[in-house]
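The values are calculated or read from the model by the stated rules, or taken from the named source; none is laboratory data. Predicted, not measured: the structure shown is a model, and the values here were computed from it. Reconstructed Cβ throughout: ideal geometry from the backbone, glycine too, with neighbour counts over all protein chains shown. Calculation scope for accessible area: heavy atoms of the full protein, side chains included, ligands and nucleic acids excluded. Shrake-Rupley method; radii C 1.70, N 1.55, O 1.52, S 1.80 Å.
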Amino acid sequence: MNLDLSSVPEFPKTGRKGFSNHAMICSFIVMKCQGFSMLTDLVDYLNNNLLISHYCGFDITSPLPSYWTFDRFLKNFDHSVLSDIMKKQVLSLAESGIIDTSFIGLDSTPVFANTSQNNPKSFLKNKFSPDNHPKSDEDCKLGIHTASNQTNEKNYEFYWGYKNHVLVDCISGLPIYEFTTTADIHDSLVALDVLADTHSFLPVTECTFLADKGYDVKNIYNQVHTLYHGECIIPLNKRNTKNPKLLPQGNPLCEAGLAMWKDGKFSDRNRTRQKFCCPLKSSPSADCPCHHKNFYNGKKHRGCTKYITIPDDLRLSIDRNSKYFKSSYSLRTECERYNSRFKNTGQERMWVRNKASVTNLNTLAHISLLAVAIAAITSHSNQFYRRLKTVKRIA
C-alpha cells in the first residue's frame, strides 16, 4: 500500500528486541481494512492467514504476537509517530491533487467505551449518572450525541466514551486531520485547535469552512476570517431564542398585533441591540387592546419592550437562505459519508479501555482509509479511492 514507515523506529534502541513496530502497524491496518472490532479477530486472522502475516513483516516460522502483545502496543506506542504517518499520507495525496483545502468540513463521531453501561439492554439504574462512572474505563467521560440527522428532531442519547473530531476535504471525501477527546468536550472548543494544527503542515488559507450548528460560535467565524482569510458556512444555532413576528420594515409586533416603535440602541456583551417599545406608551388616554399586564406598570415603564440583535458581526451577517449558502452547505454531507466509512472499520464501539489505546486505534483507522486511497491511485483506479471492497478486488 506504499505506506512510508521510514520515520518509525522498527526496534527499541535498548532492551529486548520484541516484534517489529512496522509489522505491528501493518497488522492493525489489516485489522481496520477487514473491519475487525475485536483484537481476538485480528489474532485469529493472522494465525489462519500466514501469507498476510508474512506481508505484514512477521516471522511466520516463530509464534505470532499474542492478544496482550497487541494490547500493550496500543497502550504504550507514541501517538505522535502515528500522527506523522497520517500527515505524510495527506501531503502525498495533496501533491497528487486528490486532497485540497478549498472546502473543508469538521465533524465529530461518538466512540463508545467498552462498558456495560453503554449496552441499550442494560437495566442498570442511573447508568448515565455523572456520579456512576464506569469502573472498566477510568478515562472515558459522559457525553451526548444526536440520534437523528433531521434538523427538526431533538432526539438525543447519552453515552460513556470519547469523540473523534475529523477535518475532511469535502471534495474528495478524505480526512485531513483527526483529534480524539473525551465525550464531554464540546465540538466548538476544539475547532480552532484543529484548524491551527492542520495549517501547520497543510495551509488552509482562503478556505470555506463547513460545519453543523454545533460550531456556531462567534470566535470561529472571526478567526477563520482574520487568520485564514476564509469564510464559514454554518447554520444558525438559535439557542432557544424566540423569533418575534416582524413587519417588512423590521419592526416586531406586540401581542395586541400593533407595530412597535424604535426606542434606541445599546451595546451588550459585544453585540448591538435595537430596543422596541409599545406604540401606546406616550398616549395619555389610550388603553392596551389586549389589556397586557405590562401596560399598567406606571407611566414611565408602560407597555411591552422587545430587543432585536443587529447583525453587525460575521455570524449574523450571513444570508443562510441564499442559494450560495445552501449549495455550499450541501458539501458537508461528505463528512457524514466519511464518518460512516470510519465506523465500518470497527471504530464505533471500543474493546480497549483507556484513552491512549482509543486515540492510537482511531488514528490507525484513518491511516488505513488513507492507505486504501493511495493504493487505488497507485493502481490507476482513482475512481475507487473511497471504496475498500473494490480496491480489494483489484488487488
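Taking the range 319-361 as the search range and keeping residues that are outside any helix (DSSP H, G or I) and in contact (Cβ under 8 Å) with a residue 24 or more places away in the chain, which one is nearest to THR208 (Cα to Cα)?
Only one residue tops the list, namely ARG320.
Screening MET86 on (1) open to solvent by less than 30 Å² (accessible area, probe 1.4 Å); (2) in contact with a Leu (Cβ under 6 Å, 6 or more places away or on another chain) shows it passes everything except condition (2). Among the residues here, LEU195 does not qualify as assigned to a loop (DSSP other than H, G, I, E, B), open to solvent by less than 30 Å² (accessible area, probe 1.4 Å), in contact (Cβ under 8 Å) with a residue 12 or more places away in the chain and not polar (S, T, N, Q).
Might you check whether a residue that is farther than 30 Å from ARG332 by Cα, of a type in the set (Ser, Thr, Tyr), open to solvent by less than 50 Å² (accessible area, probe 1.4 Å) and out of contact with any His (no Cβ under 8 Å at 6 or more places or on another chain) occurs anywhere in the range 20-31? Checking the range 20-31: at least one residue is farther than 30 Å from ARG332 by Cα, of a type in the set (Ser, Thr, Tyr), open to solvent by less than 50 Å² (accessible area, probe 1.4 Å) and out of contact with any His (no Cβ under 8 Å at 6 or more places or on another chain).
So, in the range 32-81, of the ones that are of a type in the set (Phe, Trp, Tyr) and more than 19 Å from VAL358 (Cβ to Cβ), which residue ends up most open to solvent (accessible area, probe 1.4 Å)? So, considering only residues that are of a type in the set (Phe, Trp, Tyr) and more than 19 Å from VAL358 (Cβ to Cβ), the one most open to solvent (accessible area, probe 1.4 Å) is TYR55.
To keep it simple, each residue is scored yes or no on (1) at pLDDT 80 or above; (2) in contact with a helix residue (DSSP H, G or I) (Cβ under 6 Å, 6 or more places away or on another chain); (3) closer than 30 Å to VAL217 by Cβ.
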position	(1), (2), (3)
SER267	yes, no, yes
ARG273	yes, no, yes
LYS293	yes, no, no
LYS299	no, no, no
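Mind checking whether some residue in the range 121-143 is open to solvent by less than 80 Å² (accessible area, probe 1.4 Å), among the aromatic types (Phe, Trp, Tyr), more than 30 Å from ASN237 (Cα to Cα) and in a loop (DSSP other than H, G, I, E, B)? No; the residues of the range 121-143 include none that is open to solvent by less than 80 Å² (accessible area, probe 1.4 Å), among the aromatic types (Phe, Trp, Tyr), more than 30 Å from ASN237 (Cα to Cα) and in a loop (DSSP other than H, G, I, E, B). Taken over the range 26-50, the criterion of being more than 31 Å from the chain's Cα centre (by Cα) and without any contact (Cβ under 8 Å) to a residue 12 or more places away in the chain is satisfied by ASP44, ASN48, ASN49, LEU50.
Considering only residues of the range 281-334 that are basic (Lys, Arg) and surrounded by 11 or more Cβ atoms within 10 Å (Cβ to Cβ), which is nearest to the chain's Cα centre (by Cα)? Quick ask: steps written out before the conclusion?
At the first step, the residues of the range 281-334 found to be basic (Lys, Arg) are 281, 293, 299-300, 302, 306, 315, 320, 323, 326, 332.
Within this subset, residues satisfying the condition of being surrounded by 11 or more Cβ atoms within 10 Å (Cβ to Cβ) are 281, 302, 306, 315, 320, 326, 332.
Working: LYS281: 50, ARG302: 49, LYS306: 36, ARG315: 20, ARG320: 22, LYS326: 20, ARG332: 11 Å.
Filtering first and then ranking leaves ARG332.
Could you tell me whether the range 168-182 includes any residue that is in contact with an Asp or Glu (Cβ under 7 Å, 6 or more places away or on another chain), open to solvent by 60 Å² or more (accessible area, probe 1.4 Å), among the hydrophobic types (A, V, I, L, M, F, W, C) and at pLDDT below 95? The answer is yes; a qualifying residue exists.
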